[in-house]
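Trainee: Mind looking over this structure? Questions follow.
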Amino acid sequence: LIEEIESMGKSDRRALMSLLTRLIEHLLKLAYWQEEKKRSGNHWAAEIVNFRAQIQHRLEDSPSLRPELAAMYDKVYPVAIKSVSQLFSLNSDAHISLEQTLDDNWFPPAEK
């Protein structure tokens, strides 16, 4: 039983890290991929809403993971940067904070 509980915890952690990675990737695309934004921006925004909701549900189901969010973010952020950098040239100063990432009301500002 203990191994089963530990396994569930690891599974929840992996799922949360995966969702967080995808969320950051979509936020980076919306914030920095101007050439593709007009065509795909609405889709990315919808995915952002979905990923945030899934993350909140995971945290409600496993509140013990909430204190690990900052460490997870630090681990997955470079992966998300590397991933989207394969799609377009990403500025080295690209940054989206954990607070922005998880804020249901925050979206990257529209292009100026």
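Trainee: With the structure loaded, tell me whether Asn50 is part of a helix (DSSP H, G or I) and of a type outside the set (Asp, Glu) or whether it fails that test. Spell out the reasoning first.
Mentor: Values: part of a helix (DSSP H, G or I): yes; of a type outside the set (Asp, Glu): yes.
Yes, satisfied.
Trainee: Being open to solvent by less than 100 Å² (accessible area, probe 1.4 Å), of a type in the set (Lys, Arg) and modelled with pLDDT under 95 is the filter here, so list the residues in region 1-49 that pass it.
Mentor: Residues satisfying the conditions are Arg13, Lys37.
Trainee: Anything in region 93-112 that is open to solvent by less than 80 Å² (accessible area, probe 1.4 Å), of a type outside the set (Gly, Ala, Ser) and part of a loop (DSSP other than H, G, I, E, B)? List them, or say none.
Mentor: Correct list: Ile96, Asp103, Trp106, Phe107, Pro108.
Trainee: Looking at region 53-77, which of its residues are of a type in the set (A, V, I, L, M, F, W, C) and either surrounded by 13 or more Cβ atoms within 10 Å (Cβ to Cβ) or closer than 16 Å to Arg14 by Cβ (or both)?
Mentor: First, pick out the residues of region 53-77 that are of a type in the set (A, V, I, L, M, F, W, C): 53, 55, 59, 65, 69-72, 76.
Answer for region 53-77, where residues must be of a type in the set (A, V, I, L, M, F, W, C) and either surrounded by 13 or more Cβ atoms within 10 Å (Cβ to Cβ) or closer than 16 Å to Arg14 by Cβ (or both): Ile55, Leu59, Leu65, Leu69, Ala71, Met72, Val76.
Trainee: Go through (1) modelled with pLDDT of 95 or more; (2) surrounded by 17 or more Cβ atoms within 10 Å (Cβ to Cβ) for Leu90 and report which single condition fails.
Mentor: Only one criterion is unmet by Leu90, namely (1).
The values are calculated or read from the model by the stated rules, or taken from the named source; none is laboratory data. All figures in this text were calculated on a predicted structure; none of them were measured in a lab. Using ideal geometry, Cβ is built from the backbone for each residue, glycine included, and neighbour counts are taken over all protein chains shown. Side chains are part of the model used for accessible areas, which takes the heavy atoms of the whole protein and leaves out ligands, DNA and RNA. Shrake-Rupley method; radii C 1.70, N 1.55, O 1.52, S 1.80 Å.
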